[in-house]
Structure formats: C-alpha cells, structure tokens
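Below you'll find the structure, written out as structure tokens, and then a few comments.
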Amino acid sequence: MIVGYTSGVFDLFHIGHLNLLRNASGLCDKLIVGVSSDELVAYKNKKAVIPFQERLEIVRSLKYVDAVVPQYDMDKFKMWQKLKFDVMFVGDDWFATEQWQAFEQKFNDVGVKIIYYPYTQGTSSTLLNEVLEKLRNESAPS
C-alpha cells in the first residue's frame with residue numbers, strides 16, 4: 001500500500017486545493033493531509049480566515065482524503081517520523097528552495113518520493129484575501 005501525504009493551511013478552500021488533493025489521491029492508496037494550526041499560520045504573520053477546527057472538517061469531508069492530521073510544525077520530516085508515508089505531494093512554488101532541497105535529501109535517504117504539483121495560477125488564498133480586503137475597503141463608509 002502506498003501512503004501519500006500533503007499539507008497546507010487550506011484557508012478559503014479553492015480549486016487549487018481541490019486539484020492538489022484529487023491528483024495526489026490518484027497516486028497513492030491512502031492520502032493523509034496535514035492541516036496547519038492557527039499558531040503555525042501565524043509564523044508567516046498571517047491569520048487564517050476559517051478557524052482551524054473548521055478547516056480540519058472541510059478537508060476531512062473530501063472524498064479524496066483518507067485521514068486528516070493537525071500540523072503544528074513546518075518540519076515535514078517530523079511528520080514522516082510519525083506517519084511513515086511513501087510519497088509527499090508539494091506545490092511547485094517550493095521547488096528548488098533551500099528548505100525543500102534539504103527535505104529532499106532527508107526524504108531520499110528514507111526512500112520517500114516528493115512530487116511537486118503546479119501551483120494553480122490565478123487562484124490562491126492570499127489573492128482571495130486581497131480581493132476581499134479591497135472590497136471591504138471600497139464598501140466601508142467614508
């Protein structure tokens with residue numbers, strides 16, 4: 001059995017999230033998804049719009065997802081030590097970054113394959129938040 005793993009904030013769930021999870025589930029027998037805690041999201045000086053428990057339930061409800069786990073740490077290798085997955089799915093916006101080159105070496109040493117998926121152009125939670133903020137400001141009374 002091939003166990004796959006991916007993780008994310010999954011705030012303002014959109015088509016990019018769905019595409020990643022659907023495609024990942026097609027390449028493994030069991031897909032485990034880590035959902036970043038609100039505290040972990042705060043490390044980027046960001047705040048999730050959707051509360052952590054709700055994001056867990058949204059992701060858990062998807063037919064492509066077999067299990068959901070909280071993600072409290074950015075260290076994906078620590079998660080592998082707990083879950084022992086065979087393949088990890090990551091957005092290609094992380095490809096060739098210093099952080100992921102280090103992860104690739106560690107994962108290669110234990111036989112874990114990393115598959116990078118194309119980042120969905122034109123759709124992201126960051127972009128959705130920016131549009132919502134602009135709309136809020138435009139509709140605010142002067």
- Of (1) of a type outside the set (V, I, T); (2) over 11 Å from the mean Cα position of the chain (by Cα); (3) in a helix (DSSP H, G or I); (4) at pLDDT 95 or above, L21 fails just (2)
- Note on the structure: Checked against (1) modelled with pLDDT under 95; (2) touching a Pro at 6+ places or on another chain (Cβ under 8 Å), K76 satisfies every condition except (2)
- Query: Does any residue of the range 97-113 turn out to be of a type outside the set (S, T, Y), touching a strand residue (DSSP E or B) at 6+ places or on another chain (Cβ under 6 Å) and within 22 Å of L18 (Cβ to Cβ)?
  - Reply: no
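With the structure loaded, tell me whether F89 is in contact (Cβ under 8 Å) with a residue 60 or more places away in the chain, outside any loop (DSSP other than H, G, I, E, B) and among the hydrophobic types (A, V, I, L, M, F, W, C) or whether it fails that test. It would help to see each step written out before you state the result.
Working: in contact (Cβ under 8 Å) with a residue 60 or more places away in the chain: yes; outside any loop (DSSP other than H, G, I, E, B): yes; among the hydrophobic types (A, V, I, L, M, F, W, C): yes.
When the stated conditions are applied, F89 passes them.
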- Item | Selection within the range 1-46 - among the aromatic types (F, W, Y), over 26 Å from G111 (Cα atoms) and touching a residue at least 40 places away in the same chain (Cβ under 8 Å) | F10, F13
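Only one of M74, M79, M88 is over 18 Å from Y119 (Cα atoms) and touching a Gly at 6+ places or on another chain (Cβ under 9 Å). Can you tell me which? Walk me through it before giving the result.
On the way: M74 fails: touching a Gly at 6+ places or on another chain (Cβ under 9 Å); M88 fails: over 18 Å from Y119 (Cα atoms).
The match here is M79.
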- Note on the structure: By residue number, the members of the range 37-81 that are buried (at least 19 other Cβ atoms within 10 Å of the Cβ), assigned to a strand (DSSP E or B) and either touching a Lys or Arg at 6+ places or on another chain (Cβ under 6 Å) or of a type outside the set (S, T, N, Q) (or both) are V68
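Which of the following residues is loosely packed, with under 13 Cβ neighbours inside 10 Å, at pLDDT 95 or above and not in a helix (DSSP H, G or I): G122, G34, G111? Full working, then the answer.
Details: G122 fails: at pLDDT 95 or above; G34 fails: loosely packed, with under 13 Cβ neighbours inside 10 Å.
Result of the check over G122, G34, G111: G111.
The values are calculated or read from the model by the stated rules, or taken from the named source; none is laboratory data. Bear in mind the structure is a predicted one, so any value in this text is a computation, not a measurement. When we count neighbours, we look across all protein chains shown, and the Cβ atoms used for this are built from the backbone with ideal geometry, even at glycine.
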